[in-house]
Amino acid sequence: MISTISEKYCKVLELDKILEELSALTCCEAARQRALAIRPYTNLSLVTDELEKTNDAFLLSARFGAPHFSNLQSPSESLKLAKAGGMLSTTALLNVAEVLRQVRLLSEWSRQGDRMENKLMTIFSYLRPNQSLEDRIHRVILAEDIIDDYASPALADIRRKIRAKQAAAKSGIERIIHSNKYQKMLQDAIVTQRDGRFVVPVKAEYRSEVPGLVHDTSGSGATLFIEPLSVVEANNEIRMLQTEEKDEIERILYELSALCAEQADDISHSFELILIINLYFAKAHLAEKMQATMPHVVEDGRIDLRQARHPLIDAKSVVPITVSLGDRYHTLVITGPNTGGKTVTLKTIGLLTLMTMCGMLIPVGNDSTISIFKKVLVDIGDEQSIEQSLSTFSAHMTNLVSILKQADQRSLVLVDELGSGTDPEEGAALATAILERLRELGAVTASTTHYSELKMYAIETDDVENACCEFDVKTLRPTYRLLIGVPGRSNAFAISRRLGLDEQLLERASTLVSNQDKSLETVIERLEQSRQQYEAKEAEYQKKLSDYNHRFEKMEEDQKKLDEEKEQILERAREKARKLVEDIQLQTDLLFEQVDRLRKEKEQEEFSRRAAETKSKIRGELDRLHQEANPVSERSNEGYHLPRNLELGDRVLIYDINQEATVVGLPDRSGNVQVQAGPMKMRVKLKNLRLLGAAKKPSRPRTTVSKSVTKATERRGTSELDLRGKMVDEALMELDYFIDRSVMSHIETITIIHGKGTGALRRAVQGHLKGHKNVKTFRLGVFGEGESGVTIVTLK
């Protein structure tokens, strides 16, 4: 869409400087030119879409870091040649491969944001990676003009023959240069080449003594480079093989060019997408440098900039302004001293409007609103034309005539020093008339002036508002703050008095000022005093509010620390209880083992009955010990009822200690349920359990395990597992069992011995460890541990 915003006005507002900064952040010349060619959109939906994509790039960069972009060359001309059946150079093919590499890297990077609602991801989805062609080019072309020996079987064979013939030729010449017969005839005992043929440097006076062909002469004529007859045949064969090599290389390049031609449309389209994506991330980078945000965008003429900063002024020195326009009033009259910031205010409003219309984030505070316009009309600066012999006033008036012809309800008009450069009375009258006409046309207008008549006009006229750039009379310096609703004072008398002007002169000057001007200055002075009092009270209120918020945050922070300390104390108590119960459990297992062994030795019914009674007593004692060992006060589980009867294997929560466990025994008469939490088995009251999930079915067949209790010494186990000589499936099953047993025995590090061999068992073991839920890290062994024959595993 062609922009309706004048290039002249864009330059006056310095949009071209912003685009230069943007272009410097792009990846290549093609992207740089696109950045410089950006023009403001005047369509609301287009502006909103561009802003959202730029903001998406900003958010993605903040979360994942910006993707890397290479300095690419456009492949379009090369691809046209390829489609016409031409052969691409190695440089052109490498550029195509680099474009494909960039496409692949961007596609891989974009997967990070797949789950995010992000308009920019749609553009990424149109990229067409082609790694097979990318890899094919890189396998064939190692660098510019360097083709890999194994680019084709034929090329490898030719180059092998060339090397063999070259070695034979060198050998023949070396016999000559090392021969006693020829040593005195040679200028140097070296083998060299001329025109790709092996030669020897012979002194000119011995030309007839060395039979062969002369290929070159030294500059002095003292040395002849002769190809001995004994190597002529070998050199001829080398030359023929080099011709075959060149033909084979051309065939390979034609083949690669044809592959590029087949994918030319996808490659060209992907390159265009790379430029588009790069431009959005360049805008995001610029926004980061400017500390910019995304404003609300409308098209009804409303501008509400909060803490807005001119992007071309150093952020450390610029004073942010807050300005509204186009809502309660459509015309803003800004007054104040020279160098007080009036012109900067106009340029800030205009430049931020144009940047927004270009889809760029702007340096403003949150909840700022900006409107797009069909026209942005500007009269800022001295546009005096020497060639046209126009005065400053004439130049401004010529521009204003043009503005009045174009202005309408969809226009933003910015005029600096309206009516200046002529008689003050006539200039004020003209300025008032121009503002009235712009109001009638419905334009949103901001103008600066020195005329007090315009201050009165703004006070007395609906839809017109005063503003001023604040001036500190005490320091005789502008503060650059913009005050809306307050007309600016001239400050001439106050400044003169502080600079030491005679008081009588000041009094005489005061009598010469009209009563109307005096009244206006008095009103403005009272308004200024009221404003300063209000600001002082506001500052006091904000200080108290800040102190209150600080104390409140401190209280919240202290409460959070107390909660954390409480949880740490409880966790230490739980851990101590778990260790105590585990020790008791191990002792109980030994007792159960002894009872079972005695029962097997004695088959009498009476003995079996007594053994069962003994086991029951031990279990009861274990429950009592468990309750005593748990120092954590029981949390109430009242009000909760199990949704169904418990089954073996159900996952439950032991409510009072907040510990997950698995049901390994159904409730007994007393309402106690046997559960297992990690390596510990315990009996818990049924009312103290909450159901988390049903029993899980095993994913693979498990080895049948005997019901007899493993001895405590065996449970602690060994930290090494030898899998050498085992099939992969058998080894992986044994590995799973070993890891489970090690976790139960609280072994933190284990060693898996798989041997070196072909590496198949090692790869299978390490591939299995990658997805194992109980494995924290693993690595190959180092010297002294078994090196690549073992894998050291750290368990969770």
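The values are calculated or read from the model by the stated rules, or taken from the named source; none is laboratory data. The shown structure was predicted, so the numbers you read here are calculated from the model rather than taken from an experiment. All Cβ positions, glycine included, derive from the backbone under ideal geometry; neighbour counts span all protein chains shown. Note: areas computed on protein heavy atoms with side chains; ligands, DNA, RNA excluded. Shrake-Rupley method; radii C 1.70, N 1.55, O 1.52, S 1.80 Å.
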Residues in the range 68-81 that are open to solvent by 30 Å² or more (accessible area, probe 1.4 Å), in contact with a helix residue (DSSP H, G or I) (Cβ under 7 Å, 6 or more places away or on another chain) and in a loop (DSSP other than H, G, I, E, B) total 4
Subset of the range 409-432, residues closer than 20 Å to Gly326 by Cα and open to solvent by 50 Å² or more (accessible area, probe 1.4 Å), comes to Gln409, Arg410
Given (1) in a loop (DSSP other than H, G, I, E, B); (2) modelled with pLDDT of 85 or more; (3) not charged (D, E, K, R), Gly784 misses just (2)
(request) Answer yes if at least one residue in the range 233-245 is within 14 Å of Ile158 (Cα to Cα), of a type in the set (S, T, N, Q) and open to solvent by 30 Å² or more (accessible area, probe 1.4 Å), and no otherwise. (result) yes
Filtering the range 27-67 down to residues that are assigned to a helix (DSSP H, G or I) and among the aromatic types (Phe, Trp, Tyr) yields Phe58, Phe64
Of the listed residues (Leu761, Leu769), the one being over 21 Å from Ala677 (Cα atoms), touching a Ser or Thr at 6+ places or on another chain (Cβ under 9 Å) and not in a strand (DSSP E or B) is Leu769
When the range 84-127 is checked residue by residue, the ones that are of a type outside the set (A, V, I, L, M, F, W, C) and farther than 24 Å from Ser61 by Cβ are Gly85, Gly86, Ser89, Thr90, Thr91, Asn95
When Ser368 is run through (1) at pLDDT 90 or above; (2) of a type in the set (Gly, Ala, Ser); (3) over 30 Å from Leu279 (Cβ atoms), the failure sits at (3)
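Confirm whether Ala31 is free of Cβ contacts under 8 Å to residues at least 40 places away in the same chain, under 17 Å from Ala284 (Cβ atoms) and of a type in the set (A, V, I, L, M).
Details: free of Cβ contacts under 8 Å to residues at least 40 places away in the same chain: no; under 17 Å from Ala284 (Cβ atoms): yes; of a type in the set (A, V, I, L, M): yes.
So Ala31 fails the test.
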Next item on the list: Inspect all residues belonging to the range 724-745 and state whether any of them is within 42 Å of the chain's Cα centre (by Cα) and part of a loop (DSSP other than H, G, I, E, B).
Entry: no
Considering residues that are surrounded by fewer than 24 Cβ atoms within 10 Å (Cβ to Cβ) and more than 18 Å from Thr445 (Cα to Cα), the number found within the range 364-376 is 4
Q) Is at least one residue of the range 646-659 among the acidic types (Asp, Glu), open to solvent by 60 Å² or more (accessible area, probe 1.4 Å) and either within 23 Å of Arg574 (Cα to Cα) or modelled with pLDDT under 85 (or both)? A) no
Residue pairs within 8 Å by beta carbon, gap of at least six or interchain, first lying in the range 287-300 and touching a residue at least 12 places away in the same chain (Cβ under 8 Å) and acidic (Asp, Glu), second assigned to a strand (DSSP E or B) and surrounded by 15 or more Cβ atoms within 10 Å (Cβ to Cβ), listed first then second, are Glu299/Ser371; Asp300/Ser371
Turns out the strands (runs of 3 or more DSSP E) fully within the range 413-507 with at least 3 residues that are modelled with pLDDT of 90 or more and under 27 Å from Asp300 (Cα atoms) are 444-448
Scanning the range 333-380 residue by residue, those out of contact with any Leu (no Cβ under 9 Å at 6 or more places or on another chain) and free of Cβ contacts under 8 Å to residues at least 60 places away in the same chain turn out to be Asn338
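If the requirement is being free of Cβ contacts under 8 Å to residues at least 40 places away in the same chain and buried (at least 19 other Cβ atoms within 10 Å of the Cβ), which of these qualifies: Ala84, Ala97, Ala92? Lay out the reasoning, then the answer.
Numbers: Ala84 fails: buried (at least 19 other Cβ atoms within 10 Å of the Cβ); Ala97 fails: free of Cβ contacts under 8 Å to residues at least 40 places away in the same chain.
Of Ala84, Ala97, Ala92, the one residue that is free of Cβ contacts under 8 Å to residues at least 40 places away in the same chain and buried (at least 19 other Cβ atoms within 10 Å of the Cβ) is Ala92.
Condition first: assigned to a loop (DSSP other than H, G, I, E, B) and either over 22 Å from Lys170 (Cβ atoms) or in contact with an Asp or Glu (Cβ under 8 Å, 6 or more places away or on another chain) (or both). Now tell me which residues in the range 203-233 satisfy that. Don't jump to the end; show me each part of the working.
Just the residues of the range 203-233 that are assigned to a loop (DSSP other than H, G, I, E, B), to begin with: 210-211, 218-222.
The answer is Gly219, Ser220, Gly221, Ala222.
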The lone condition Asp148 fails out of (1) open to solvent by less than 50 Å² (accessible area, probe 1.4 Å); (2) acidic (Asp, Glu); (3) out of contact with any strand residue (DSSP E or B) (no Cβ under 8 Å at 6 or more places or on another chain) is (3)
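Would you say Ile177 is in contact with an Asp or Glu (Cβ under 8 Å, 6 or more places away or on another chain) and either under 19 Å from Val232 (Cα atoms) or open to solvent by less than 30 Å² (accessible area, probe 1.4 Å) (or both)? If you could, list the steps in order and put the result at the bottom.
Working: in contact with an Asp or Glu (Cβ under 8 Å, 6 or more places away or on another chain): no; either under 19 Å from Val232 (Cα atoms) or open to solvent by less than 30 Å² (accessible area, probe 1.4 Å) (or both): yes.
Taking the combined requirement at face value, the residue does not satisfy it.
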Considering only strands (runs of 3 or more DSSP E) wholly within the range 290-347, the ones with at least 1 residues that are acidic (Asp, Glu) are 303-308
(message) Regarding the range 187-202, can at least one residue be identified that is of a type in the set (Asp, Glu), surrounded by fewer than 19 Cβ atoms within 10 Å (Cβ to Cβ) and part of a helix (DSSP H, G or I)?
(response) no
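Take the residues in the range 130-166 that are polar (S, T, N, Q) and not in a helix (DSSP H, G or I); name whichever of them is farthest from Glu98 (Cα to Cα).
If we filter the range 130-166 for residues that are polar (S, T, N, Q), which is where we start, we get 130-132, 152, 166.
Right, trim to not in a helix (DSSP H, G or I) and you get 130, 152.
Values: Asn130: 11, Ser152: 22 Å.
Of everything passing the filter in the range 130-166, Ser152 is farthest from Glu98 (Cα to Cα).
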Kindly check whether there is at least one residue in the range 206-218 that is under 27 Å from Val140 (Cα atoms) and surrounded by 15 or more Cβ atoms within 10 Å (Cβ to Cβ). no
Across (1) free of Cβ contacts under 8 Å to residues at least 40 places away in the same chain; (2) open to solvent by 40 Å² or more (accessible area, probe 1.4 Å); (3) touching a Gly at 6+ places or on another chain (Cβ under 6 Å), Ser230 clears everything bar (1)
Of those in the range 323-337 that are in contact with a Gly (Cβ under 9 Å, 6 or more places away or on another chain) and not hydrophobic (A, V, I, L, M, F, W, C), the residue surrounded by the fewest Cβ atoms within 10 Å (Cβ to Cβ) is Asp327
Next item on the list: Could you tell me whether the range 103-122 includes any residue that is open to solvent by 70 Å² or more (accessible area, probe 1.4 Å) and hydrophobic (A, V, I, L, M, F, W, C)?
Entry: no
Subset of the range 275-322, residues surrounded by fewer than 16 Cβ atoms within 10 Å (Cβ to Cβ) and charged (D, E, K, R), comes to Glu288, Lys289, Asp300, Asp314, Lys316
Exercise for review: Please tell me if Leu72 is at pLDDT below 95, out of contact with any strand residue (DSSP E or B) (no Cβ under 6 Å at 6 or more places or on another chain) and of a type outside the set (Phe, Trp, Tyr).
Suggested key: yes
